Amino acid sequence: MKVLLIGSGGREHALGWKLAQSPRVRSLLSLPGNPGLAELGPTLEGIDPLDGQAVTEEAQHHRVDFVVIGPEAPLAAGLADHLLAVGIPVWGPTQSAAQLESSKAYAKGVMKRAGVPTAAWAEFEDLTSALEFLESQTPPFVVKADGLAAGKGVVVTDDKKEAAEWVRRCLGGAFGRPAVIIEEFLSGPEVSVFAMCAGREVAVLEPARDYKRLRDGDRGPNTGGMGSYSPVPDLPQSLLSFATEEVFRPVLSTLEEEGNRYSGFLYAGLVLGETGPSVLEFNCRLGDPETQVVIPRLENDLLDVIEDGLDEQLATVDLKWSPDAFVNVVVAAPGYPESPRRGIPIRTGSFEPNALLFHGGTSLAGKQLVSGGGRVLNVVGTGSDLASARAAAYDALDRIEFPGAQFRGDIAAQIG
């Protein structure tokens, strides 16, 4: 089969790495891809992934059998709709269903109608009303942009002035639609739970935990994610059952009843509070950097599982998981997240068999690998437990030459 993978980050490299292991994949194409994905198959550059018509024409030209969409922006732009309109199977929701991620207000409304536990919230499009509501709240304040923000559209702060400034930024259109969500702060450890979904069917993947802040000890600015690990040992035994029966199924049923049948990956960010789990948010794709530790643990052929989803056979899938642990340390460019420096030469060296390297924001200057974005590399270590996986990741990281690189030194440390 010929598969077209949309995206260029570490999540897509991990997905491509897994798809390429299938004996049934004759060719893996990536659009636009990255230098890591280029080692797995042709990359199609010069085409905007948000241009549904152009991507569809390229897919037709190459006669791909189906398309896997990695990142959120093409989904929000309706790429799946364009592909489906010409009969090309696609793993990823339609534009309407992708509102679960592209609009926080829409997602909150779906959760309310589906009976899914989440934080109390209010939506505003008017600055005066939003600031008046903020005055009535107690810290910590949680302010979210309604639209897509690459994981950086949320501020959680005890400083009311900072919260008010974020309200102004959101309503000023910094993240697309000028709307803002102010919601109750949920206290407790967070965990990422992913599922493969088709209609009302769901196959839940193994959880992972990620790290949002730039620096050790969860300090510094919010980022798209600086590391992750799986498995997560301190979770309630009932968590996956809860996620399946109290989160994913009700949401999928509500969407289908409202004419928004869902097909693709779905992420639920959960907070494990004293009164039970609550949903922070949904993403209509796998997480980055969580994909890089979840997908390598999957022992099934990913192509087979996706095809089962396309054929509405997810209920029959028996997902099998490696007992090994995986730890991902994200290596970011200097200046990230505000103004990452591009064009810095990188040398990766040779890794031991217990380490993987997934490219994120990399590019080539001639034959030289250089930084091309914010989160540049994902160094993944594996071992029989989290301590050995963590050691493998940091040992591999020591082999990388990348002047000025930023990374956290405490990924999985508290449980390693």
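Does I88 satisfy being assigned to a loop (DSSP other than H, G, I, E, B), on the phi < 0 side of the Ramachandran plot and touching a Phe, Trp or Tyr at 6+ places or on another chain (Cβ under 8 Å)? Taking the combined requirement at face value, the residue satisfies it. Whether a residue is touching a strand residue (DSSP E or B) at 6+ places or on another chain (Cβ under 8 Å), under 28 Å from L19 (Cβ atoms), assigned to a loop (DSSP other than H, G, I, E, B) and of a type in the set (A, V, I, L, M, F, W, C) was assessed, and I415 does not pass this test. Go through segment 233-247 and give me each residue that's part of a helix (DSSP H, G or I) and either surrounded by 14 or more Cβ atoms within 10 Å (Cβ to Cβ) or touching a Phe, Trp or Tyr at 6+ places or on another chain (Cβ under 7 Å) (or both). Those that are part of a helix (DSSP H, G or I) and either surrounded by 14 or more Cβ atoms within 10 Å (Cβ to Cβ) or touching a Phe, Trp or Tyr at 6+ places or on another chain (Cβ under 7 Å) (or both): L239, L240, F242, A243, T244, E246, V247. Can you confirm whether P250 is under 24 Å from E184 (Cβ atoms) and surrounded by 15 or more Cβ atoms within 10 Å (Cβ to Cβ)? Yes, satisfied. For segment 186-193, does any single residue satisfy the condition of being farther than 30 Å from V305 by Cα, assigned to a loop (DSSP other than H, G, I, E, B) and modelled with pLDDT of 95 or more? No; the residues of segment 186-193 include none that is farther than 30 Å from V305 by Cα, assigned to a loop (DSSP other than H, G, I, E, B) and modelled with pLDDT of 95 or more. From the list R341, R408, the one residue that fits, being in a loop (DSSP other than H, G, I, E, B), basic (K, R) and in contact with a Lys or Arg (Cβ under 7 Å, 6 or more places away or on another chain), is R408.
Screening G372, G381 for residues that are crowded, with 18+ Cβ neighbours inside 10 Å, of a type in the set (G, A, S), modelled with pLDDT of 95 or more and touching a helix residue (DSSP H, G or I) at 6+ places or on another chain (Cβ under 6 Å) leaves exactly one candidate, G381. Checked against (1) at pLDDT 90 or above; (2) touching a helix residue (DSSP H, G or I) at 6+ places or on another chain (Cβ under 8 Å); (3) not aliphatic (A, V, I, L, M), E162 passes all but condition (2). Cβ-Cβ contacts under 8 Å between residues 6 or more apart (or on different chains), taken from a first residue in segment 338-366 that is on the phi > 0 side of the Ramachandran plot to a second residue that is surrounded by 12 or more Cβ atoms within 10 Å (Cβ to Cβ) and among the hydroxyl-bearing types (S, T, Y), are listed as G343/S371. Of everything in segment 156-182 that's buried (at least 21 other Cβ atoms within 10 Å of the Cβ) and in contact (Cβ under 8 Å) with a residue 60 or more places away in the chain, which residue is nearest to the chain's Cα centre (by Cα)? Only one residue tops the list, namely I181. Applying the set (1) within 19 Å of L19 (Cβ to Cβ); (2) in contact with a strand residue (DSSP E or B) (Cβ under 9 Å, 6 or more places away or on another chain); (3) surrounded by 14 or more Cβ atoms within 10 Å (Cβ to Cβ) to Y336 leaves exactly one unmet item: (1). Is there a residue in segment 385-394 that is in contact (Cβ under 8 Å) with a residue 40 or more places away in the chain, part of a loop (DSSP other than H, G, I, E, B) and either surrounded by fewer than 22 Cβ atoms within 10 Å (Cβ to Cβ) or of a type in the set (D, E, K, R) (or both)? So far as segment 385-394 goes, yes, one or more of its residues are in contact (Cβ under 8 Å) with a residue 40 or more places away in the chain, part of a loop (DSSP other than H, G, I, E, B) and either surrounded by fewer than 22 Cβ atoms within 10 Å (Cβ to Cβ) or of a type in the set (D, E, K, R) (or both).
Being in contact (Cβ under 8 Å) with a residue 24 or more places away in the chain and on the phi > 0 side of the Ramachandran plot is the filter here, so list the residues in segment 186-226 that pass it. Those that are in contact (Cβ under 8 Å) with a residue 24 or more places away in the chain and on the phi > 0 side of the Ramachandran plot: G188, G199, G217, G225.
Can we say K108 is in a strand (DSSP E or B), in contact with a strand residue (DSSP E or B) (Cβ under 6 Å, 6 or more places away or on another chain) and outside the structural domain of L280 (by TED's automatic domain parsing)? Against the criterion (in a strand (DSSP E or B), in contact with a strand residue (DSSP E or B) (Cβ under 6 Å, 6 or more places away or on another chain) and outside the structural domain of L280 (by TED's automatic domain parsing)), K108 does not qualify.
Only one entry in A149, A145 is at pLDDT below 95, of a type in the set (A, V, I, L, M) and either buried (at least 22 other Cβ atoms within 10 Å of the Cβ) or in contact with a Gly (Cβ under 6 Å, 6 or more places away or on another chain) (or both), namely A145. Among the residues of segment 253-303, those that are of a type in the set (D, E) and either part of a strand (DSSP E or B) or surrounded by 23 or more Cβ atoms within 10 Å (Cβ to Cβ) (or both) comprise E281, D288, E290. Can you pull out the residues in segment 391-415 that are under 21 Å from the mean Cα position of the chain (by Cα) and more than 23 Å from E338 (Cβ to Cβ)? A393, A412 - these are the residues of segment 391-415 that are under 21 Å from the mean Cα position of the chain (by Cα) and more than 23 Å from E338 (Cβ to Cβ). Based on this model, can you work out whether L31 counts as buried (at least 17 other Cβ atoms within 10 Å of the Cβ), in a strand (DSSP E or B) and not assigned by TED's automatic domain parsing to the domain that holds L280? Taking the combined requirement at face value, the residue satisfies it.
The values are calculated or read from the model by the stated rules, or taken from the named source; none is laboratory data. What you see is a predicted model, and the numbers here were worked out from it, not measured in a lab. As a convention, Cβ positions derive from the backbone with ideal geometry for all residues, glycine included, and neighbour counts pool all protein chains shown.
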